[in-house]
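Working notes, beginning with the structure itself.
The values are calculated or read from the model by the stated rules, or taken from the named source; none is laboratory data. Model, not experiment: these values are computed from the prediction. Because the Cβ atoms are built from the backbone with ideal geometry, glycine has one as well, and the counts that use them run over all protein chains shown. These area figures cover heavy atoms from the full protein model, side chains too; ligands, DNA and RNA do not enter into them. Shrake-Rupley method; radii C 1.70, N 1.55, O 1.52, S 1.80 Å.
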Amino acid sequence: MNNVIKIKDWIRNNYHFVLIGVILLFVVFKFLFIEPDSEQMNMEDRSINRETIETSIENKDKQELAKSSPEEKVNKNVIVDVKGAVNFPNTYNMKTSDRVDDVLKKAQIKGNADITKINLSEKLKDQMYIYVPSQGEHVSSAMLNQPTENKIEVNINTGDKAEIEKLPGIGPNKAEAIVQYRETKGEFKTIEDLKKVKGFGEKTVESLKEYIVLD
């Protein structure tokens with residue numbers, strides 16, 4: 001009993017020390033048990049912010065990729081018609097990424113070919129018509145590198161074999177057949193008369209109508 005009284009008296013006489021001790025205990029408790037939780041929350045916030053930034057950058061990259069030109073992402077097949085001073089005049093299956101030089105390597109230009117007026121670096125287009133002139137041959141620039149939708153006009157009543165070969169899809173054999181028919185049967189009265197020539201069906205004649213003149 002006396003000990004209890006002594007403790008109470010000591011506390012009353014030294015209450016300021018007791019108060020300081022309580023405050024120190026509170027501070028220690030807060031530091032040990034509360035601060036780590038706050039630090040963990042801060043770390044989680046930083047992690048979330050970092051993930052948000054990374055996601056934003058990734059989405060931006062995807063958007064930039066989506067804006068890329070379709071031609072850069074898609075390499076389409078095209079059919080190119082090559083005629084003139086080449087060993088293998090024909091139609092060739094190529095890619096839109098290929099150049100005129102690539103298809104001429106397949107057609108194999110002849111030794112007397114004049115390629116100085118041909119744009120070898122031009123990219124190929126579907127239905128493109130390429131005519132390789134011989135050295136000294138006069139050919140209009142419109143006949144050299146062009147898609148077939150550009151205007152081509154050939155008179156099948158007056159044109160020679162080489163000129164007739166400039167028609168899209170017409171090789172040496174068909175050009176020769178036209179010349180022989182004209183020499184034996186006379187001039188063509190209408191474009192439809194081409195159906196009378198061996199090797200010329202309705203579809204072929206129809207595809208040539210916009211390129212043939214008879215005057």
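With the structure loaded, tell me whether S140 is open to solvent by 40 Å² or more (accessible area, probe 1.4 Å), at pLDDT 90 or above and of a type in the set (G, A, S) or whether it fails that test. No, not satisfied.
Taking the numbered list (1) under 30 Å from G111 (Cβ atoms); (2) under 40 Å from the mean Cα position of the chain (by Cα); (3) in a loop (DSSP other than H, G, I, E, B); (4) modelled with pLDDT of 85 or more in turn, F200 passes all entries but (1).
Between K83, K166, which is part of a strand (DSSP E or B), at pLDDT below 90, at negative phi and of a type in the set (K, R)? Selected residue: K83, the only one of K83, K166 that is part of a strand (DSSP E or B), at pLDDT below 90, at negative phi and of a type in the set (K, R). Listed conditions (1) surrounded by 15 or more Cβ atoms within 10 Å (Cβ to Cβ); (2) out of contact with any helix residue (DSSP H, G or I) (no Cβ under 8 Å at 6 or more places or on another chain) are all met by I118, apart from (2).
Among the residues making up segment 199-213, a single one is of a type in the set (S, T, Y) and either open to solvent by 50 Å² or more (accessible area, probe 1.4 Å) or in contact with a Pro (Cβ under 6 Å, 6 or more places away or on another chain) (or both): S207. Only residues that are over 40 Å from the mean Cα position of the chain (by Cα) and loosely packed, with under 13 Cβ neighbours inside 10 Å were counted in segment 161-186, giving 4.
Among residues of segment 92-109 that are touching a residue at least 24 places away in the same chain (Cβ under 8 Å), those with a Cβ under 9 angstrom from a residue that is in a helix (DSSP H, G or I), sequence gap 6+ or separate chain, pair up as M94/D102; M94/V103; M94/K106; K95/D102; T96/E71; S97/E71.
On the stretch given as segment 163-194, residues that are of a type outside the set (V, I, T) and either touching a Phe, Trp or Tyr at 6+ places or on another chain (Cβ under 9 Å) or touching a residue at least 24 places away in the same chain (Cβ under 8 Å) (or both) total 17. Looking only at segment 195-215, residues that are more than 23 Å from Y131 (Cβ to Cβ) and either among the aromatic types (F, W, Y) or touching a residue at least 60 places away in the same chain (Cβ under 8 Å) (or both) come to 0 in all.
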